[in-house]
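Enquirer: Here you go, one structure.
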Amino acid sequence: MNKQGNTYTILYSAVMVVVVAAILAIASVSLRPLQQENIRVDKMMQILSSVHIASTAHDAVSLYDKYITDSYVVDAAGNTTKADAFGIDVAAEVKRDAAERRLPVFVCTLDNGDVKYILPLYGAGLWGPIWGYISVDADGRTLYGSYFAHQGETPGLGAEIGSAAFQEQFAGKQLFVDGEFKPVAVMKKGQKPLDGADYVDAISGGTITSKGVQSMISDCLLPYESFLKSLDK
Amino acid sequence: MIWKNKEVLLGPLSKNNPVIVQILGICSALAVTSKLEPACVMAVSVIAVVALSNVIISLLRNTIPNSIRIIVQLVVVASLVIIVDQLLKAFAYEVSKQLSVFVGLIITNCIVMGRLEAYALSHNPWDSFLDGIGNGIGYGIILVIVAFFRELLGSGTLFGYHVIPQVFYQWGYENNGLMILPPMALITVACIIWVHRSRNKELQEK
């Protein structure tokens, strides 16, 4: 058969496409359960990381069961409902109006009996989505820890939001200023927010990602205002 | 025969280096070299992808119709990268999280297509495999050298560990933030090319 002819070329590309599609489909379908499980374990590790509990893929499930003692869903008015908080897709929730969102809360009880509330975050960085978890003390005012991750921010610049140095800044920051709810701001070094909110230093060279973190925090935490206020009795 | 193979494998490390002599793959050298760790991950991935796709194309080389050979190469490279990514997601999730940003960069890396077109289409699988390994390493070396200087001078760290003593900072030493920004990757590559050409006179243009 003439290898440079049209018939051969068309047949060749048709067979190639079918073979490649079959291989990719088989790989995708057969590996999906394992991948889903990895994603689930990874989510547990992220949640634990926001309360300063380091875990590995091996012990994440048992540590999660041990420390995360409760989880429920609240709405913007502060009403609590029992539901599968872990299964809620935060990425889909943030697209809805603040009043309609289902807001997951994970309750963590530490070894010394302290209770922390973990709230998920989701937003946009420079190149793609960024997300994280932020933990709040039992009084609903003081941040205890944070965890941020990203899909594809620039290594060394925006990707530094995933570093411990950036995340540790959040511990101890206040969410309420004079009784008013003002989520923590992310400011360029040396600057302060005009409204008096508590703030952390941005990443130099990662301006857009830092701004993304800032808007993610305010956008995702504002609907929790009633819930956080109800904690402080 | 042995000498010929050696040249195939070792040539791309210096005299025929894909980055500093052929000036290929510059875009990813810019993107992933602000830290050593991603640079190493990227280097290993590119070595694996160039070697494997070279072998596959070399095995198919007598069947590929000339008019669609670029498309066939692209399909092979893209599916290979996606399958590797899927496998990593299932069996080495941590590595795949690190790779996320590079998957697209590997597919579009000009070195991969360049080697398929220039070498694998006309050589046997074993030679092509060595050629892929050699070019991958040649690319990786440059990446690691650039990342070493950028991370050391830009952040004062290597692999995330602080190596510049704290006293230096007390004496007034400052990390050079410019090193982390993309332009310094190109300037560092240019410096490597400068040093390399001054040591290899035959590479200098008249």
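Read-outs: derived from the displayed coordinates by stated rules, not from any lab. Because the structure is predicted, anything quoted here is derived from the model rather than measured. Positions of Cβ are backbone-derived with ideal geometry, glycine not excepted, and every protein chain shown enters the neighbour counts.
Enquirer: Can you grab the distance from the C-alpha centre of region A:142-175 to the C-alpha centre of region B:82-125, Å, no decimals?
Expert: Between the Cα centres of region A:142-175 and region B:82-125 lies a distance of 30 Å.
Enquirer: With a cut-off of 18 Å, note down the residues of region A:189-203 whose backbone N falls inside the zone around a label point 7 Å from the Cα of A:ASP178 toward its beta carbon.
Expert: Only A:192-199 fall inside the zone, counting backbone N under 18 Å.
Enquirer: Still on this structure, I have one more. Do any of A:LYS66/B:LYS89; A:LYS173/A:LYS211; A:LYS192/B:LYS35; A:LYS43/A:LYS116; A:LYS95/A:LYS189; A:LYS189/B:LYS35 go past 20 Å between their Cα atoms, and which? List each step's numbers first, then the result.
Expert: Values: A:LYS66/B:LYS89 26 Å; A:LYS173/A:LYS211 18 Å; A:LYS192/B:LYS35 30 Å; A:LYS43/A:LYS116 17 Å; A:LYS95/A:LYS189 31 Å; A:LYS189/B:LYS35 22 Å.
Flagged as over cut-off: A:LYS66/B:LYS89; A:LYS192/B:LYS35; A:LYS95/A:LYS189; A:LYS189/B:LYS35.
Enquirer: What's the magnitude of the charge dipole for region A:69-232 around its Cα centre, counting Lys and Arg as +1 and Asp and Glu as -1 at the beta-carbon? Answer in Debye, nearest 20.
Expert: Working: 14 positive and 22 negative charges, 77 e Å.
So the dipole magnitude of region A:69-232 works out to roughly 360 debye.
Enquirer: P(r) for region B:16-98: what percent of alpha-carbon pairs falls in each 10 Å bin, starting at zero?
Expert: Histogramming region B:16-98 at 10 Å steps yields 15, 38, 35, 11, 0 percent.
Enquirer: With the radius of gyration and the Kirkwood radius both derived from the Cα set of the protein assembly as shown, what is their ratio Rg to Rh?
Expert: 1.05
Enquirer: If you don't mind, there's one more thing I want to ask. Using a 7 Å offset from the Cα along the Cα-to-Cβ direction at both A:ARG32 and A:LYS3, what is the distance between the two label points in nm, to one decimal?
Expert: 3.9
Enquirer: Can you give me the Cα centroid spacing of region A:48-64 and region A:88-119 in angstrom?
Expert: With region A:48-64 and region A:88-119 each reduced to a Cα centre, they are spaced 17 Å.
Enquirer: Bin by bin, in steps of 5 Å, what percent of the Cα pairs in region B:72-129 do you find, going until the bin that has the longest distance?
Expert: Answer for region B:72-129: a P(r) of 4, 18, 23, 20, 15, 12, 6, 1 percent.
Enquirer: Considering only A:LYS182, A:LYS66, A:LYS173, give the residue with the highest GNM mean-square fluctuation for chain A, with springs between Cα atoms whenever their separation is below 10 Å.
Expert: A:LYS66
Enquirer: If the elastic network links every pair of Cα atoms under 10 Å, which of A:THR56, A:THR142, A:THR80 fluctuates the most in the Gaussian network model of chain A?
Expert: A:THR56
Enquirer: Still on this structure, I have one more. Give me P(r) over region A:69-232, computed from all C-alpha to C-alpha distances, binned every 10 Å, as integer percentages.
Expert: The percentages, shortest bin first, are 11, 41, 36, 12, 0.
Enquirer: Among B:LEU121, A:LEU34, which comes first, second and so on when ranked by fewest other beta-carbon atoms within 10 Å?
Expert: On the way: B:LEU121 20, A:LEU34 15.
With the sparsest Cβ surroundings first, the list reads A:LEU34, B:LEU121.
Enquirer: Determine the calculated [θ] at 222 nm for chain B from helices alone, applying -39500 (n - 2.57) to every DSSP H run no shorter than 4 residues and normalising by the residue count; nearest 500 deg cm²/dmol.
Expert: Values: 10 runs with 138 residues, N = 206.
The helix contribution divided over chain B gives -21500 deg cm²/dmol.
Enquirer: What Kirkwood hydrodynamic radius, in Å, does region A:102-173 give when the mean of 1/r is taken over all pairs of distinct Cα atoms and then inverted?
Expert: Working: mean 1/r = 0.0765 Å⁻¹.
About 13.1 Å, per the Kirkwood formula over Cα pairs.
Enquirer: Stokes-Einstein diffusion coefficient for chain B at 20 °C in a medium of 1.002 mPa s, Rh from the Kirkwood formula over Cα pairs: what value in µm²/s? Don't skip to the end; give the middle numbers.
Expert: Details: Rh = 18.2 Å.
For the chosen part, D equals 118 µm²/s.
Enquirer: For a footprinting-style exposure proxy, rank B:GLU37, B:GLU202 by other Cβ within 10 Å, fewest first.
Expert: On the way: B:GLU37 15, B:GLU202 6.
Lowest to highest Cβ neighbour count: B:GLU202, B:GLU37.
Enquirer: Does region A:1-69 come out rounded, prolate or oblate, given a ≥ b ≥ c as the square roots of the eigenvalues of its C-alpha gyration tensor, rounded meaning a/c under 1.5 and, failing that, prolate meaning a/b above b/c?
Expert: Working: a/c = 7.08, a/b = 4.99, b/c = 1.42.
Prolate, because a/c is 1.5 or more and a/b exceeds b/c.
Enquirer: How much length, in nm to one decimal, is gained on full extension between A:ALA91 and A:VAL17, taken as 0.36 nm per residue of separation minus their Cα-Cα distance? Mind dumping the intermediate values first?
Expert: Working: separation 74, 0.36 × 74 = 26.64 nm, distance 3.36 nm.
That pair, A:ALA91 and A:VAL17, stretches by 23.3 nm at full extension.
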